[in-house]
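Q: Here it is, the structure in full.
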Amino acid sequence: QVQLVESGGGLVQAGGSLRLSCAASGSIFRVNAMGWYRQAPGKQRELVATITRGGSTNYADSVKGRFTISRDNAKNTVYLQMNSLKPEDTAVYYCTANVFISDYWGQGTQVTVSS
């Protein structure tokens, strides 16, 4: 079994920054792609960013130039640096990781951006 634990969410003013972390633990031989999704109230969960084990990244258009995803393979940890935050970035942010042939999800961390 694989567990993902997120941290780093909170309340920030518009224009501010937050850094999310997500550590994978458990029965892990190799973590493949990792990523972040978010879900705002009344909306569907959407992709924020993904990163392959080799470091290739993909971002939603809405966060390009403001968010940066990175990972530490030795620690099985993925990060999301969020700058220039906007009120529309308010959501629960979920970490995901692909291990072997299964996708795992964290419990989510709340990010609230005040105007």
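Q: Could you grab me the full set of residues in region 1-30 that are under 15 Å from the mean Cα position of the chain (by Cα), surrounded by fewer than 20 Cβ atoms within 10 Å (Cβ to Cβ) and part of a strand (DSSP E or B)?
A: Hits for region 1-30 are Gln3, Val5, Ser7, Gly10, Arg19, Ser21, Ala23.
Q: Ok, one more. Only residues that are closer than 18 Å to Leu18 by Cβ, within 15 Å of the chain's Cα centre (by Cα) and not β-branched (Val, Ile, Thr): list them for region 47-71, please.
A: Selection gives Ala49, Tyr59, Ala60, Ser62, Lys64, Arg66, Phe67, Ser70, Arg71.
Q: Further question: For region 56-115, give me each residue that is among the acidic types (Asp, Glu), surrounded by 12 or more Cβ atoms within 10 Å (Cβ to Cβ) and part of a strand (DSSP E or B).
A: Answer for region 56-115, where residues must be among the acidic types (Asp, Glu), surrounded by 12 or more Cβ atoms within 10 Å (Cβ to Cβ) and part of a strand (DSSP E or B): just Asp103.
Q: Within region 38-46, does at least one residue satisfy the condition of being open to solvent by 20 Å² or more (accessible area, probe 1.4 Å), in contact (Cβ under 8 Å) with a residue 60 or more places away in the chain and not in a strand (DSSP E or B)?
A: no
The values are calculated or read from the model by the stated rules, or taken from the named source; none is laboratory data. All figures in this text were calculated on a predicted structure; none of them were measured in a lab. We place every Cβ from the backbone using ideal geometry, glycine too, and count neighbours over all the protein chains shown. To get the accessible areas, we keep the full protein, side chains included, count just its heavy atoms, and leave off ligands, DNA and RNA. Shrake-Rupley method; radii C 1.70, N 1.55, O 1.52, S 1.80 Å.
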